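Here's the structure, in structure tokens; my notes come after.
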Amino acid sequence: MPTIPSRDLGLDGAGFLPGPSHAAPVDCCSSADPSQVLREVFGYGAFRGPQQEIVAHVVAGGSALVLMPTGGGKSLCYQIPALCRPGLAVVVSPLIALMQDQVEGLRQAGVRAAALNSSLEAAEAGAIWGALERQELDLLYVSPERLLSPGFLDRLAALPLALFAIDEAHCVSQWGHDFRPEYLQLAVLAERFATIPRLALTATADPRTREEIRERLKLQQGRVFLASFDRPNIRYLLRDKDEPRRQLLAFLADHRGEAGIVYARSRSRVDRFAAELRAAGFDAVAYHAGLDAAERSSALNRFRRECGVVVVATIAFGMGIDKPDVRFVVHLDLPKSLEAYYQETGRAGRDGLPAEAWMVHGAGDVPQLRRFIEDSEASEAQKRIEHGKLDALINFTETGGCRRQVLLHHFGETLAEACGNCDLCLEPERAVDVTEAARKALSAAFRTGQRFGAAHLVDVLLGGDTAKIRELGHGSLSVYGIGKELDRGQWRSLFRQLVAGGYLLNDPEARGGLSFGSQQLVKPLLRGEARLALRLPPPAQQRRRGAPGLPGGSASRAAIEAEAPVDGVLLQSLKEWRRQQAREQGVPPYVVFHDRTLLEMAACRPADLAALAEVGGVGQAKLERYGAAVLALLASASTP
Ligand code: ADP
Ligand code: ZN
């Protein structure tokens, strides 16, 4: 069995390149088989999903389009062929920060990788070219601008090439939202390097974008590998928006010390919630396009490099966040489509450990989003598309079934069984007969002139004493105070569902005022000729933060993951050790070892190097580099 030579790259030095002693022949691995590279370089025991098939296809010289969700493991699909095929693998990647992390991660695993982009000085770039010409690199990350700059392709053409990988390939699509004009020119690779395999990779699930990628990158002849877009480790939790501030703090109480993203619609809301979270003792930073570049990059760096930072952000934050241990993504306002929701929540749990996608939503968000669409510069046809996308999202929030089934259905996948890991699966509240309550709700809308939103109507039904009620004299209406059998949260939910069901219309002109919807629905209900059953949330005093007996904290998380009890103190010492390593080397902690790897170490407590090598994420280079230190730490913790 061939062995892979250890490649110590002198990572202690700040240098970006392997030193002269590492000039091993570039094709040293060309005889290695992919499973061996997976095990010895990356430290993983088995391929995931379609990885194996993709790797085999590319190693054999084939081109392909790879569609995999975020966290699915796209990188290995080109990194392993890069090590199994002779020559250099060129990876086109749109974001410099992302490239840097990938290169750092590869170098930690002992792989000879470098990046060429606009952030480099001419001398550094020159040194990389020197290494390329001496065939001392296996992987080169490059921005599309660099790749297409004059003379670059000519220089590449003089080198033996293993493959081209085009990451974030959806940037080629004008239909999607990350369009980058330079990506269009990447079609030139098909003509110029017809015999070199090309691999385009994306996490975009939309079929229309897929076709556009194949066409524009001239990949019609290549295979298409489509992985499931399910992210089973993400728990989808939707809540009725009631008091977002209080609800958010209650949610975060279970997530202290964890990294997460909180999305809010506007810059002012971002600033306000970031301040609220800081006041409540969270390490929260704001991120939006209104901040200057230095503030933005400092927020981004803290989030990437430190543990437990919460970023409160507009959707300006996200592209290129490949931090693996984001434990939650919160939406305080509705995103604009189900695609956006999927993409934003997808930033949670890339490492495969349990993560939560938590959203508060209310009917009040919808008219505002409709107005945004109407006020935009888009053509009428485009506006219709946007309204349709919003409808799909509303359908998701109003569904009575499993959230994951609705979500995957939207992307053309069928999940045969309910998932057991979303709010509707975890907290089944059976549909109840709400005919009487619905009649009261409709009457409240009618008696107040069909121009008020749910908030005021609920106040009236509950017999509230608000300034608005006094001013308008609504305290003397027949519907005043007749709805005490439900609490506020239940009424809000009922109103939302009446809107979703078409009984009430949310009139954007009237700023969220509710008027009667379809007469065919409303009349029979009011006349007592039809009944209505819906699901309502449990009364507020019974509402819990999570489902009983389900893992919430990180200790139980560890236990499920490793199926063994984890010593929290030991895990903390491992994390502290990792933090030091990362700081000394100036890399993000997850580049040293992922959380998942530390968890497994703490659970299994390997006693020697051979046992440590069995832990997922410990390849040869890391074993040699960190093995002794980790074993010493584990041993000292084991002595009672
Ligand atoms: P993507 O680019 O598709 O979002 P990555 O390539 O960053 O995903 O992989 C996500 C995570 O999964 C990384 O932490 C990676 O190390 C891990 N991973 C990938 N493939 C495997 C595998 N076969 N076994 C274990 N972990 C894997
Ligand atoms: Zn479910």
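Structure notes:
- Residue under evaluation Glu374, criteria (1) modelled with pLDDT of 90 or more; (2) assigned to a helix (DSSP H, G or I); (3) acidic (Asp, Glu), criterion not met: (1)
- Among the candidates Asp254, Asp271, Asp206, Asp230, residue that is touching a residue at least 60 places away in the same chain (Cβ under 8 Å), of a type in the set (Asp, Glu) and closer than 24 Å to Asp365 by Cβ: Asp206
- Taking the stretch 32-61 as the range and being assigned to a loop (DSSP other than H, G, I, E, B), at negative phi and within 14 Å of ligand 1 (Cβ to nearest atom) as the test, the residues that pass are Val41, Phe42, Tyr44, Gly45, Ala46, Phe47, Arg48, Pro50.
- Of the set (1) assigned to a loop (DSSP other than H, G, I, E, B); (2) open to solvent by less than 10 Å² (accessible area, probe 1.4 Å), all apply to Leu291 but (2).
- Filtering the stretch 62-95 to residues that are within 14 Å of ligand 1 (Cβ to nearest atom), open to solvent by 10 Å² or more (accessible area, probe 1.4 Å), of a type in the set (S, T, N, Q) and not in a helix (DSSP H, G or I) leaves only Thr70.
- Conditions (1) closer than 20 Å to Val312 by Cβ; (2) away from ligand 1 (no atom under 16 Å from the Cβ); (3) open to solvent by 40 Å² or more (accessible area, probe 1.4 Å): number failed by Arg370: (1)
- Criterion (acidic (Asp, Glu) and within 16 Å of ligand 1 (Cβ to nearest atom)) met by exactly one of Asp351, Asp465, Asp365: Asp351
- Strands (runs of 3 or more DSSP E) wholly inside the stretch 310-364 that include at least 3 residues being away from ligand 2 (no atom under 16 Å from the Cβ): 310-313, 326-331
Per-residue answers, yes or no, for (1) under 14 Å from Phe495 (Cα atoms); (2) surrounded by 15 or more Cβ atoms within 10 Å (Cβ to Cβ):
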residue	(1), (2)
Glu417	no, no
Leu426	no, yes
Ala437	yes, yes
Leu457	yes, yes
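- The stretch 392-414, subset in contact with a helix residue (DSSP H, G or I) (Cβ under 8 Å, 6 or more places away or on another chain) and not in a helix (DSSP H, G or I), residue nearest to ligand 1 (Cβ to nearest atom): Phe411
- Condition met for Ser143 (touching a helix residue (DSSP H, G or I) at 6+ places or on another chain (Cβ under 8 Å), of a type in the set (Ser, Thr, Tyr) and more than 25 Å from Gly222 (Cβ to Cβ)): no
- For beta carbons closer than 6 Å, sequence separation of 6+ or different chains, a first residue in the stretch 407-427 that is free of Cβ contacts under 8 Å to residues at least 24 places away in the same chain and a second that is more than 6 Å from ligand 2 (Cβ to nearest atom) and open to solvent by less than 30 Å² (accessible area, probe 1.4 Å), there are no qualifying pairs.
The values are calculated or read from the model by the stated rules, or taken from the named source; none is laboratory data. Remember, it's a predicted structure, so these values are computed and weren't measured experimentally. All Cβ positions, even for glycine, are placed from backbone atoms using ideal geometry, and neighbour counts span all protein chains on display. Protein only, heavy atoms only, side chains kept; ligands, DNA and RNA dropped before computing areas. Shrake-Rupley method; radii C 1.70, N 1.55, O 1.52, S 1.80 Å.
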